[in-house]
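Structure, as C-alpha cells:
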Amino acid sequence: MRGALLGLSVSLALCCCVLGWDGGVEGQDTTGVQTQVRQAGPVVHGREWEEEREDVMMDDPGVEEIKPKKKKSIEEVEAARAKKAAEKEAKAKKQKANKAPKAPKPTKKPKATKAPKKLKATKAPKATKAPKATKAPKATKAPKVTKPKATKGSKTTAWKEEGVKPVTRIPSLEEDEEKLLIELGWDRHSRPSGHTPLSAGSKTLTEHGQDYWDTKLAAKQLEEEAEKARKEKEEKVKWLRKKWEEEEEERLRKIPVHAEPKKCPPLGLESHRVDDDQLLASSQSHHGFSAQRGRLNMQSSGNEEGVYGGAWCAEPEEKNHWFEVDARREVEFTGVIVQGRNSDTAEDFVSTFYVSFSNDSRDWTVLHDGYAEWLFYGNVDRDSPVMVQFDWPTVARYIRVLPQSWNGSLCLRVEVMACQLTSSFRSENEVNPTDNLDFRHHNYKDMRQMMKVINEECPNITRIYNIGKSSAGLKMYAMEISDNPGEHQTGEPEFRYTAGLHGNEALGRELLLLLMQFMCKEYNENNPRVRRLVEGVRIHLVPSLNPDAYELAYEMGSEMGNWGLGHWTEEGYDIFQNFPDLNSVLWGAEDRGWVPRIVPNHHIPLPENFLNGSVALETKAIINWMERTPFVLGANLQGGEKVVAYPFDMQRPPKATGTLGSRRELRPGVNHEMNEETWARMQRQNGDALRETSDDTMFRWLAMSYAHSHLTMTETQRGSCHTDDISGGQGIINRASWKPVVGSMNDFSYLHTNCFELSVFLGCDKFPHESELPLEWENNREALLSFIEQVHRGIKGIVRDMEGKPLANATISVDGVKHDVKTAAAGDYWRLLNPGEYRVTARVDGHTLQTRLCIVGYDSGATPCSFTLAKSNWDRIKQIMVLHGKRPIRLVTKAPPRVGSDISGGSVGSVDATKTGATGGMGGTSANSHNAERLRRLRLMRLRKMHQQRLRYNFSTTTPVATTTTTAAPTTTAELETESTTSWYDSWFPVESSYTEPTPAEVFTEIQESEPTQDYTFEYKFEDY
C-alpha cells in the first residue's frame, strides 16, 4: 500500500514538472513580470500568491535555484504576516522615538536609462478607462529585477535581496500611488507598440486590472480613514482644550485670591476715631515717642526731645518689635499705610515688615502668601505714605505690624484699612444721613458740574460767578444764595464761607458743596429756617480758593498725600499767610500816638507797592473780592486740627523800654534790672493785651457759636490732634497764642474791611475718606447754619443826610471799642456787638456828627440804629484854623460891653470918658483883668489835666523818653514827651509862660464869624468827621 501511494505521488510530480517547464519557456517574459509583481506587491492575495511565486521560481531557468520550501497552512501564513507587521510597526516606533538622522539618499539614477522620464506616463489613469492588454511589454525586454535604482518601487525588494537595510522614510500619498502603479505594471503603457504581445499575458493582465481597482479602492478607503482619524483627533484636541479651560476657570474660581484687592476705608488712627488705649507697642525710646504717637501724619512739636514726638519709636535694645492696633471688634483688614517719622533733622522710617493677626492678642498668625511669610516693602523717605494691600481680606480683631528693617531709628506712623462686618450693632463708620446728598469727593470738573446742577434746580435763589483765576488758569468759582441774587439789598448783610485755601484740606470743600445742595433742597421743601436765612442774608460760598493744589492732592487720593502735598499754590505761596501785614502798621501807629489822627483804627490802606511784590494771583483776586463786597461775617474752613481760631493771628511784639513790659523802671534816673522769672511773669500778665483785638469778646462768642454747635469739637478729653488739649475744653483758641502767623487772612479782613473772620479747623484728617463724609456732614451741619445766623447779632442801620440821601463811607464808632466800621455804598451798616448798651456815633465829612444810645438785647435779630446827619460849616472852620495856626475855635465868655466903653473896658471916646469919669474907666480895666486871670487859671488847670491824661496814655501805648521841646516862648523841659513827634493838641494849649491874651478885636471877629461850639473831642481830628 505504501508503495502504491509513493508511486502515485512521483507520477504527479513528474507531470507537474513537465507542465511547468512548458509554461516557463512560452511565457518567460510574462513569468518575469509576474515574479516582479509578486515580489513587490502588497501581501493581499493569501496563499495562492505565495504558491504561484514558488512555482515560477522553481520552473524559471533564469532564476537561481532555490531549495523547495514546505507548504504552510493558512493559519501559519496569517500569523507570519501579523508578526511581520508587528515587527515593522515596532521598528518604526523605535526609530521615531530615537529620531535618528536621515540616511544619505541613494545615488542618482543613470542618465542612460532615463527611468524618471518614463515614469511620467505611469500616472494613475482615470477610473472610467480600463488598461489595454495589447500594450503589454515584450518578453525579451523584461525589467531588470537586480537593479533597484530603475524605479522607486523596486528599492525595497532589491535591498532585501542584497541584505542592505532600507532607509526609514515615510512616503507621501503620491509616492505610494506611484509605487503601486509600478508594481502593477501600468508603467509599461509608455513602451513602444513594436513589442510583441503575448496571448497568455492577456488573461494575467485582466486579473491584475481587477486587483488594481481593488487596491485603488482600498487606498482610497485608507485615505478616507486617515482623514477621518485626523479630524477626530483634531476634534478631540479641541474638546480636551475646552475642557481644560473650563477646569482651570473652575479651579481659579475656587482659589480665594482677589484679582483686585478689596478696598476699605481707614479704621481711624489719623482722624482719632481710634482712641489712645487701642494702640500698643512692644517698647518706646522715651515718653515722647509712645504708641499713641504712631498715627498717620502725626506732627511733632518741634522739640526733638519733647513729649510730643513725630512718630512711635522703639527701644533700640529690644529684639522683637511690633506695633499693635485693637479694633475692639472683628473687622476685615485689607491693608496698612506706613509712614516715617516727622522730624526736621532725622530720617527715620521702616523699610520692610510683616503683618500678623489675632483674635485674642495671644496667638498670632503671620500673613502668608502661599509659599512663605509675606514680607512687605515700606518707605523710602520719612514723609511719603506707602500703602500695602492684602490679596484677600483677613477677619480678625487685632493687627500687628512687625518691622524687619529700617533706616536710622525704628520709627513708624500707621493707618489701618478695614471694613466693618455686618452686625446688628451700630458702628461709628456706619452713618445713615437723613439728607439725600452727594457724599463723594469732587475734582474741579465735578465741582463745576455740581454747582451747575444746583443752579438749575434753584435758579431763583442761586447765582454762579468767579472771583478770579489761579496761577494755572482755573477759575475760582463762587455761589451766591439769596432771594435776590446778583444785587446788594439795602439792610441785608453779606456773609461768606471760604474753603480750599490749602489744596490738601478737602473736607471744607465738600462741606460747602453739601451746604449748597442742602439749602437748595430745603428751600424748595419750604424749610422755615432755611427760607429765613436765604431771605435775610446774602450768602457767598467759595469751595476752592486754591484749585491748582487740590487737583494735585486729588490725584494722590485720600490718605496717600503727605502733610504738605497740595498745601501751597502752583507758585509756592501759602494763601492764608500771603496778605499784607497791617498789624504792624496799626501797632506802630499806636505806639507813636498816631491813632486815629494819622492812622485810622479801621480800613487801614494797603502798603505801597504791595500788589507789585511777591503776591499770589489768588491773593490778589481775594483782596479785590473783599473790597467790592461789604461782608459782615465770614469763616474759612481748614483742616489738620479740630478747633476754632479767632484773631489776632499775629502776636504783638513787646515794648522794649518805657512801658510796663520793659525791663527798666519808668522813673527817670533809676535803673532796676529784672531777673528772667520776673520778666516772664510780667509777659504772661500782659500777654493777652498783646494778642487781643478790640472786639475780643465778640470774636470769642462767634467762635463758641460754631464750636458748641459742632457735635464733637468740644469733646477734648482725649486732647487735640497732635498735642494735649489746647482750647481748655471750649473748642476755641486765639490763634496768636497757639500758632501765630504774619499776614493772615483773618487779620487783614478785620483791619482792612468791616468783616469779622475766623478760621474753623474741621478735623485731624485733612483729606478724609469718602465713607467719612456723611459723618462729617452730620457733625458740622448745625454749626454751619448757626454761624450764619450770627450775622444778625448787634446793631444795624442806615446813615442819611437831612434830605434822606444815603451817606456812603460814614464812620460808625462805639464808645469803649477802638475799632470802627464804615457804611456801604447804600449807606447801610452792620456792627457786630454782644448784648448791652452802647453809645454809637456816626460821622462823615461835611456833616455834623450824631451820637445815639443803642441797646443790644438777647433776642435774635440786630437792633436798628439809624442816623440822620445835618450839614455843617466845617470847611469854613478849617480855613479859619489854618489862618490861626490850626488853633481850636473856642467861645470866650465875657461881660457884655457897656455903653461908652469898648470891649476891652477902655473909653470909646472923649465924650464917654468925660461922662463916666476916671472911676468908671478904672473899674472896667480891673474887671477885664480879673476875667483874664480867671481864664488863664482855667486853661492851666485844663492843660495839667491833659498832661496827666497823656502821661497815663503813654504808660500803656507809647514809648516815652525825656526830651527837650522848643517852643516860641522861653524854653522849658517837659517831664515826658514822645520820641518822634509832638502830640497833636500841644500847639492848641501853650504852656503858661507862652500864653498871650487875644486882642479884643480878634475875639469880637471870632464871635461874629462863628457860632458857639462845645469843647473839642481830642480823640479825633477833623478829617475823621
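Just a few scattered comments:
- Shape of the range 465-600, Cα gyration tensor, a/c cut at 1.5: oblate
- Cα convex hull of the range 528-654 - mean projected area over all directions, nm²: 11.7
- Distance between modelled label sites at Val599 and Ala372, nm, 7 Å Cα→Cβ extension: 7.0
- Spin-label pair Glu245/Ser301, simplified geometry with 7 Å Cα→Cβ offset, distance in nm: 6.7
- Per-residue extension of 0.36 nm, minus the Cα-Cα distance of Asn834 and Met941, leaves a gain of 34.7 nm for this segment.
- Per residue accessible area of the range 440-547, 1.4 Å probe, in Å²: 33
- Translational diffusion coefficient (Stokes-Einstein; Kirkwood radius from C-alpha pairs) of the range 239-332 at 37 °C, 0.692 mPa s, in µm²/s: 195
- Between Glu317 and Leu421, the simple spin-label model (points 7 angstrom out along Cα→Cβ) gives 4.1 nm.
- Taking a Cβ cut-off of under 10 Å around Glu571, the surrounding Lys, Arg, Asp and Glu residues balance to a net charge of -3, with basic ones at +1 and acidic ones at -1.
- Full extension of the chain segment joining Asp391 with Glu487 gains 28.8 nm, where the gain is 0.36 nm per residue of separation less the Cα-Cα distance.
- Scaling against 2.2 N^0.38 Å puts the C-alpha radius of gyration of the range 824-878 at 1.38.
- Legend: residue pairs Lys179/Lys233; Lys805/Lys871; Lys179/Lys216; Lys445/Lys475; Lys739/Lys766, Cα-Cα distance threshold 22 Å; pairs beyond threshold, Lys179/Lys233.
- Mean Cβ neighbour count within 10 Å, used as a protection proxy, ranking 791-802, 550-561, 861-872 highest first: 791-802, 550-561, 861-872
- By average C-beta atoms within 10 angstrom, highest first, the peptides 778-789, 937-948, 519-530: 778-789, 519-530, 937-948
- Between Val237 and Ala92, the contour length at 0.36 nm per residue exceeds the alpha carbon distance by 49.8 nm.
- Prolate/oblate/rounded call for the range 581-657, Cα gyration tensor, a/c under 1.5 rounded: oblate
- Residues of the range 314-401: accessible area per residue with a 1.4 Å probe, Å²: 48
- Judged by the mean number of other Cβ atoms found within 10 Å, the most tightly packed of the peptides 821-827, 501-507 leads the ranking 501-507, 821-827.
The values are calculated or read from the model by the stated rules, or taken from the named source; none is laboratory data. All figures in this text were calculated on a predicted structure; none of them were measured in a lab. Here the Cβ is made from the backbone with ideal geometry for all residues, glycine too, and neighbour counts use every protein chain on show. Surface areas here come from the heavy atoms of the whole protein model, side chains and all, with no ligands, DNA or RNA. Shrake-Rupley method; radii C 1.70, N 1.55, O 1.52, S 1.80 Å.
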